[in-house]
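Below: one structure, written as structure tokens.
The values are calculated or read from the model by the stated rules, or taken from the named source; none is laboratory data. Everything numeric here is computed off the predicted structure, so don't read it as measured data. Cβ placement follows ideal geometry from the backbone for every residue including glycine, while neighbour counts extend to all protein chains displayed. The accessibility values were calculated without ligands, DNA or RNA, using every heavy atom of the protein model including side chains. Shrake-Rupley method; radii C 1.70, N 1.55, O 1.52, S 1.80 Å.
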Amino acid sequence: MAEQRVKKVAIIGGGCAAVAAAFELTRPERNGEFEVTIYQLGWRLGGKGASGRDAETGRIEEHGLHLWMGFYENAFRLMRDCYRELDRPEGSPIRTWRDAFKPDNFVGVTERRGADQWDNWAAYFPPAAGAPGDPLTGRNPFSVKGYLARCALLLRTLISSVQDSYPGSVEPGARDELAFALQTLVASAAGSARGDQKEFAAKTLKYGQLAASALVLEALGAVRWAVESTAPAAGETLVALLEKLSAVARRQLETLVAKNDELRRVWEIADVVLAIMRGIIRDRLLFTSQGFEAIDEYDWREWLRRHGASEASLDSGFIRGSYDLLFAYEDGDIGKPRLAAGQALRGAMRMFFTYRGALFWKMQAGMGDIVFAPIYEVLRRRGVTFEFFHKLENLALSPDGSHVAGLDMSVQAKTRGGKPYEPLVDVKGLPCWPSRPLHDQVINGAALKKAGWNPEAHWEDHSVARKTLQVGEDFDFVVLGVGLGAVADVCGELIAAEPAWQTMVQEVKSVATQAFQVWLNKPVEELGWDLPPINISGYVEPFDTWADMQQLIRLEDWKTDPKAIAYFCSVLSDADIESSDDKTDAAKRTSRHVRDSAIRFLDRDVAHFWPKAVNADGFRWELLETGNKSRSAKSGKARFETQFWTANINPTDRYVLSLPGSLKHRISPLDDRFDNLTIAGDWTDCGHQAGCVEAAVMSGLLAATALSDYPRLSDIIGYDHP
Amino acid sequence: MKEPQRLRRPVPRRTRPNRSILGALSQSDGLPPIADPVDGPEAGGMHPLGPGFGDAAEADFAADPLSDSAREYIDRNVRSASDLIDGQIRQGEETAKSLGRSAFSSLNGAASDLPALLTGLVRAYSDIGTAWVDIVGALAQKAETAVPGTVNGSRNAADMPMIGLSVVAGQPVEASLELFRPAQRLTVQPLVATPPGNAADIREVSFEPDGSGAGGRIRIVVPGGQAVGMYHGLLLADPEGTPAGAVTLKILTLPEDERGRS
């Protein structure tokens, strides 16, 4: 039998999905079946997850905040396999995946209490058994029935715990259960009155009232539903009466909770959980073959509202936080929160009910350092070729439209002497990506540096050569792993040939994001923050999310270490993106807009988190750590120029939205309309339809399956999730 | 000039997640190689989904997800879960009736006596609210304790028909069946392409009742060369002729040897 020839794969892009596909296709057990080349725009891997190190301070500069969740089974499995194969020597920084990721059990939300009043609330989620990426033992937990069951138990626990016992007195042995998380949640709501027995008695009474009121409402809802679904015409009078009674009961309940924050928080959670349970049953999500997709036409809040959640609960920190977490604002307009209900429900169930180890896991350096540098090193060892500074300009179809015949590339720079570009730099012993190209390796590098050349910018058209890769010669298969924003630009022929692609680029939308990072010379505790180190969302725009990143201090390379690092991020409205024929100038003006918003935020809004960082004149700019050299000369607001901010307006940097009604238009990496092409990215139909690392990795695995029938679909954790 | 040899992707087994209740059963333990054996579990804690996930009986069960016993097990649970929901609705109806009588009598008498009505409603809660939570709680217990070969609290299981689906095709297909409501006998409408186009309908469809009369099997024969695409067919309850469900069939790309390529 003739020996099969090696299959050449061109992977376009170097984000999570693309490198996951490369990792799968080149696993040693495949015996070199695939010869993979990664073509990467600019100087570094990572896509939206790329980060870089500042040359002077070694500080980490990210596109935004990246948190890994405890249910990212596929992504953690990839990283664990990667670190094991990397096998860094003893004594190396970030030697194992356990060094790379640390559990974080706190999640915070801010709550609006009036026009300009906000409260912080930190909830603790106890460690759960195992760690993400461990083999699943026993029956797969991702079933609607399982979720419904846990919702019911959670609700019962919530109501009974507040009714029957003081939240602080948790039963021995109960600490390991999710129930404990709830009790702790309630306990954290109970706040300062823990030791006050009189206060405790009063609270218990109020909780009893709360539970009774809630259950009356629930009974009303259930009766109304029963009437409507069984005898709609005959029951009209009764329904009208029930409406009135509901209104009375709800007013009573709202009066009760309006006077007491802790009751309000408990009620809001119970209310949302009840709505989810009602919705799952009434919409028959238990039995439908579509799983949660059956409700993806609805917005998350709209669906919860349909199933009886109150307006107050829908505006609660947890619900607002779910939108913030996914940048779920159409066109970046905070007045247009839109999130497909099915995906939101899937995300919430997986996040709260299937996490392992911890709810969140925090990377212990930049995402580039933790994820993409190790993957780069492993892939190189396996023989993967990296072609940096390659920008795909057109994906050419064959005359009969059946396959990709050519890849037209612009070469952005060539290396001196034709040597391979060596992209990593050493920061305190850790291989890292620099935040700028390593100009000394490229021809004409000094001039490019002086001109401020940014080969990642969409509007940057500097090109030193063009090349066309031919099918059958340069590649057999293509993995299109670019960001969604680039698809319309480079896939014109595919879009013209296939209506599904046309619909996809029209209906699947993305949003620009903005972020800034500050390094402080005082710990946040000294600035008035009195909760644990936290990731907190739901706050006022334009920067609704803050993450305390103090764990990074030891990995950066300052002459004098800062005492705190804070990341802020949010969506960036399309209306705030400057446009002009001069794209470079427009980008600069947008960047200045983000800078000004950040300064305004520090001056006006950050006092909510750090009251002592602000005086009568606004933010105390001297708190900003500036670095070693010329930066320290700045004073006042100008000192902010020494910090880092970014407007993520490159089409490929835009965050992919999960808009209601749009998810059905995504295309799967398994789709074989073009017989030598697959796609990879968190914009594809990959099973978990959200913009996140896990979705991207799942998509990369599916792309590998598309080319080789491996991994098996059943091995991709959560692909067949309801 | 000699045309370079060109490779094509393998035909996918399917292109969509299987999100039905059977989908979860196909999930494997995960990709080999497994995680680093030196990594112990996170100290303390249990699975967030609580007890019942990870016991030996269910692990064995998951190892052979498509076995007959597994299908029977799931079928039984689906049926009993349906029964429980039906029970919930029935209880709701009864409570609604009694509440209705109470409400209407209140309206006829002292219409403004809302506190009394509320008291009645609190009582009504104990009829329906407790049942509601307990019914769903029972689902939890079932999820945690049920093992293959055990029927837990299945009531009126015979009321729900068991409908199987059999597809004969010479090309890869994905098929799913959704029943809107129980129906023991069905008529299957021809499967029509969506969106409507030039693709021919799939007309060789039938329902074959089983011997017990409590269910049966839908049989679809896909003609050779049927156009790739999505097809839907309505299921009508016999003898009423009212819609009872739908069958969806996705025909994937033709196999290599039928594509007519060189």
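Using the Karplus relation 6.51 cos²θ - 1.76 cosθ + 1.60 with θ = phi - 60°, the per-residue 3J(HN,Hα) values for segment A:509-523 come to 10, 9, 9, 6, 10, 9, 7, 9, 10, 10, 10, 10, 9, 9, x Hz, with x marking Gly and Pro. The mean sequence separation of alpha-carbon pairs under 8 Å and at least six residues apart, normalised by the residue count of segment B:161-254, gives a relative contact order of 40 percent. Just so you know, the averaged projected area of the alpha carbon convex hull for segment A:583-722 sits at 14.0 nm². Per-residue SASA remark: A:W558, around 20 Å² accessible (1.4 Å probe; ligands, DNA and RNA not included).
Given A:K391/A:K419; A:K102/A:K509; A:K362/A:K634; A:K102/A:K336; A:K612/A:K634, which pairs have Cα atoms separated by over 25 Å? The answer is A:K102/A:K509; A:K362/A:K634; A:K102/A:K336. With the simple spin-label model, which puts each label point 7 Å out from Cα in the Cβ direction, the A:D530 to A:N444 separation comes to 6.1 nm.
Within segment A:116-137, the residues that become at least 20 Å² less accessible when every protein chain is included than when their own chain is isolated (1.4 Å probe; DNA, RNA and ligands ignored) are A:P127, A:A128, A:A129, A:G130, A:P135, A:L136, A:T137. Note on A:R554 and B:E204: with the Förster distance fixed at 60 Å, the Cβ-Cβ geometry gives a FRET efficiency of about 0.30. Among the protein heavy atoms, those of A:L325 account for about 70 Å² of accessible surface (1.4 Å probe, every chain in place). The calculated FRET efficiency for the pair A:K664 and A:D561, based on their C-beta separation and a Förster distance of 30 Å, comes to about 0.05. In terms of accessible area, using a 1.4 Å probe and ignoring ligands and nucleic acids, A:L339, A:L424, B:L234 rank largest first as B:L234, A:L424, A:L339.
Spacing of the modelled spin labels on A:E297 and A:D261, each 7 Å from Cα toward Cβ, amounts to 4.2 nm. Think of a 1.4 Å ball rolled over the protein heavy atoms: segment A:12-73 then has 21 Å² of accessible area per residue.
Extent along the principal axes, Cα only, for segment A:4-57: 50, 20, 17 Å, with the longest axis given first.
Placing dummy labels 7 Å off each Cα toward the beta-carbon, the span from A:R673 to A:Y124 is 5.2 nm. Legend: translational diffusion of segment B:161-254 by Stokes-Einstein, Rh = Kirkwood radius over C-alpha pairs, 10 °C, 1.306 mPa s; D = 119 µm²/s. Net charge in the neighbourhood of A:D574 (other residues with Cβ under 13 Å of its Cβ; Lys, Arg +1, Asp, Glu -1) is -2.
Extension gain for A:R282 to A:E541 (0.36 nm times residue separation, less C-alpha to C-alpha distance): 89.7 nm. Across segment B:164-169, rounded Karplus estimates of 3J(HN,Hα) from the backbone phi angles (6.51 cos²θ - 1.76 cosθ + 1.60, θ = phi - 60°) give x, 9, 10, 10, 10, 8 Hz, Gly and Pro being marked x.
Chains A and B together bury roughly 8700 Å² of accessible area, counting both sides, with a 1.4 Å probe on protein heavy atoms only.
For segment B:161-254, with all protein chains in place and a probe radius of 1.4 Å, 56% of the accessible heavy-atom surface sits on carbon or sulfur. In segment A:510-652, the alpha-carbon atoms span a convex hull of 130 Å³ per residue.
The stretch between A:D489 and A:R620 holds 42.7 nm of extra length on full extension. This uses 0.36 nm per residue minus the Cα-Cα distance.
Computed FRET efficiency, Cβ-Cβ of A:D474 and A:R306, R0 56 Å: what is it to the nearest 0.05? Efficiency, rounded to the nearest 0.05: 0.60. For the pair A:S635 and A:D461 in one chain, pulling the backbone fully straight at 0.36 nm per residue adds 59.0 nm over the alpha carbon distance.
For segment A:528-605, what % of the accessible area comes from carbon and sulfur atoms, probe 1.4 Å? The value for segment A:528-605 is 45 percent carbon and sulfur by accessible area. A probe of 1.4 angstrom, applied to the heavy atoms of all protein chains, finds A:D461 with accessible area near 120 square angstrom.
Against the criterion of solvent-accessible heavy-atom surface with a 1.4 angstrom probe, B:V11, B:V205, A:V378 sort, most first, into B:V11, B:V205, A:V378.
Karplus-based coupling profile of segment A:341-356, in residue order and whole Hz: 4, x, 5, 4, 5, 4, x, 5, 4, 5, 5, 8, 10, 10, 5, 10, with θ = phi - 60° in 6.51 cos²θ - 1.76 cosθ + 1.60 and x standing for Gly or Pro. Rolling a 1.4 Å probe over the heavy atoms of the protein chains gives segment A:510-652 an accessible area of 40 Å² per residue.
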